[in-house]
1. Give segment 241-260 a look and list any residue that's more than 21 Å from Asp217 (Cα to Cα) and touching a Ser or Thr at 6+ places or on another chain (Cβ under 8 Å), or say none.
2. Kindly indicate whether any position in segment 210-224 is among the charged types (D, E, K, R), within 27 Å of Ala156 (Cα to Cα), in contact (Cβ under 8 Å) with a residue 24 or more places away in the chain and assigned to a loop (DSSP other than H, G, I, E, B).
3. From the list Gly241, Gly251, pick out the single residue that is surrounded by fewer than 21 Cβ atoms within 10 Å (Cβ to Cβ) and either over 29 Å from Phe65 (Cβ atoms) or of a type outside the set (Phe, Trp, Tyr) (or both).
4. Going through segment 268-284 one residue at a time, which ones are of a type in the set (D, E, K, R) and not in a strand (DSSP E or B)?
5. Ala20 passes all but one of (1) out of contact with any strand residue (DSSP E or B) (no Cβ under 8 Å at 6 or more places or on another chain); (2) buried (at least 17 other Cβ atoms within 10 Å of the Cβ); (3) modelled with pLDDT of 60 or more; which number fails?
6. Could you please let me know if Gln265 is out of contact with any Pro (no Cβ under 8 Å at 6 or more places or on another chain) and part of a loop (DSSP other than H, G, I, E, B)?
7. Considering each residue of segment 102-129, count those that are at pLDDT 90 or above and in contact with a strand residue (DSSP E or B) (Cβ under 8 Å, 6 or more places away or on another chain), and give that number.
Amino acid sequence: MLLKTLVILVGLVLCIALVAGIGLYRAHGQNAAIIDTRVLADEPITIDLRPEVYADLPAPVRRYFAYAFNGEISVTLRGVEWSQDGDFKLPVVGQFVADGRQVSHPNRPAYACTGWFWRYGLPLIESRDAFFVDTHDMRAKLLGWMTVMHTDYQSAEQIDSLHSYLVLRYYGQAPLMPWALLPNDFVVWEENDETSAYLRITHRDLEGAYLVTFGPDGEIVSMNGDRLLMEGNETMQREVGGKSQYREIGGFMLPTRLEYRWYDQSGALISRFQSEISDLRVIR
């Protein structure tokens with residue numbers, strides 16, 4: 001009797017593992033298709049990094065680009081990819097481990113972040129958070145099958161606020177791909193003082209800004225949002241982000257540790273995320 005029960009339990013576990021494996025594999029295929037068709041540039045883009053490109057910017061911004069570009073005068077690519085392992089702390093579910101992969105467009109706010117949320121040593125929830133300049137696709141599935149979260153906003157005000165946040169989010173991660181911070185249709189730098197500058201982002205009716213603070217070598221050490229915006233979980237919050245542990249990767253000086261904290265209107269901490277960046281590479 002005991003042997004029969006054990007066989008049944010083992011069979012049940014194997015069935016669950018098979019179903020989960022199929023679900024997670026299917027989700028991986030969907031994410032790969034989205035990245036190929038909606039995130040990566042169709043053809044490689046060459047970006048000019050010579051000092052004359054940023055000669056008219058505020059002094060701390062010029063020092064940053066000289067530091068980050070590290071003597072490189074151009075870069076040709078279709079996108080940037082990196083892995084991210086870290087700890088989340090949320091008010092409802094508490095603290096948990098998350099690991100993921102992000103692929104970003106070279107110089108416009110489009111990206112897809114895919115990952116796993118681990119509990120009890122298992123990848124219980126597979127997630128995707130993707131933004132394509134003016135559309136958003138965020139969802140999370142239990143074992144790749146059961147949807148537990150999906151963005152589906154109706155209000156134009158909600159959508160505008162969310163998209164403003166997502167455009168800012170792309171540029172908040174841009175120290176990992178510093179050429180994306182050069183002036184372009186989305187990015188304008190404004191002077192503040194000798195150790196900081198405002199990074200203003202505009203796109204259609206969307207707007208937002210970071211107060212960017214620079215370290216002694218010229219590196220970006222923090223990017224602090226200037227207003228409350230709606231995140232994908234419908235929470236209005238302000239983002240404060242730290243960048244540290246810079247290393248030379250692929251010829252560029254890039255941060256390998258990112259720390260985020262989100263605050264509500266009263267200044268109370270809502271959630272935080274700290275992560276280590278690895279396997280960062282240019283997609284050509």
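The values are calculated or read from the model by the stated rules, or taken from the named source; none is laboratory data. Computed from a predicted structure; not experimentally measured. When we count neighbours, we look across all protein chains shown, and the Cβ atoms used for this are built from the backbone with ideal geometry, even at glycine.
1. Restricting attention to segment 241-260, the residues satisfying the condition of being more than 21 Å from Asp217 (Cα to Cα) are 260.
Listed by number, the list is empty, since nothing qualifies.
2. Quick first cut of segment 210-224, residues among the charged types (D, E, K, R) only: 217, 219.
Then keep just the ones that are within 27 Å of Ala156 (Cα to Cα); that gives none.
Within segment 210-224 (the criterion being among the charged types (D, E, K, R), within 27 Å of Ala156 (Cα to Cα), in contact (Cβ under 8 Å) with a residue 24 or more places away in the chain and assigned to a loop (DSSP other than H, G, I, E, B)), the answer is no, since none of the residues qualifies.
3. Numbers: Gly241 fails: surrounded by fewer than 21 Cβ atoms within 10 Å (Cβ to Cβ).
Result of the check over Gly241, Gly251: Gly251.
4. Of all residues in segment 268-284, those of a type in the set (D, E, K, R) come to 272, 276, 279, 281, 284.
Scanning segment 268-284 gives a single hit, Arg284.
5. (3)
6. On the way: out of contact with any Pro (no Cβ under 8 Å at 6 or more places or on another chain): yes; part of a loop (DSSP other than H, G, I, E, B): yes.
Answer is yes for this residue.
7. In the first step, residues of segment 102-129 are kept if they are at pLDDT 90 or above; the result is 102-112.
With in contact with a strand residue (DSSP E or B) (Cβ under 8 Å, 6 or more places away or on another chain) added as a condition, the list becomes 102-107, 109-112.
Total meeting the criteria: 10.
Residues checked against (1) at pLDDT 95 or above; (2) among the hydrophobic types (A, V, I, L, M, F, W, C); (3) crowded, with 20+ Cβ neighbours inside 10 Å:
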position	(1), (2), (3)
Glu72	yes, no, no
Val75	yes, yes, yes
Gly79	yes, no, yes
Val93	no, yes, no
Phe96	no, yes, no
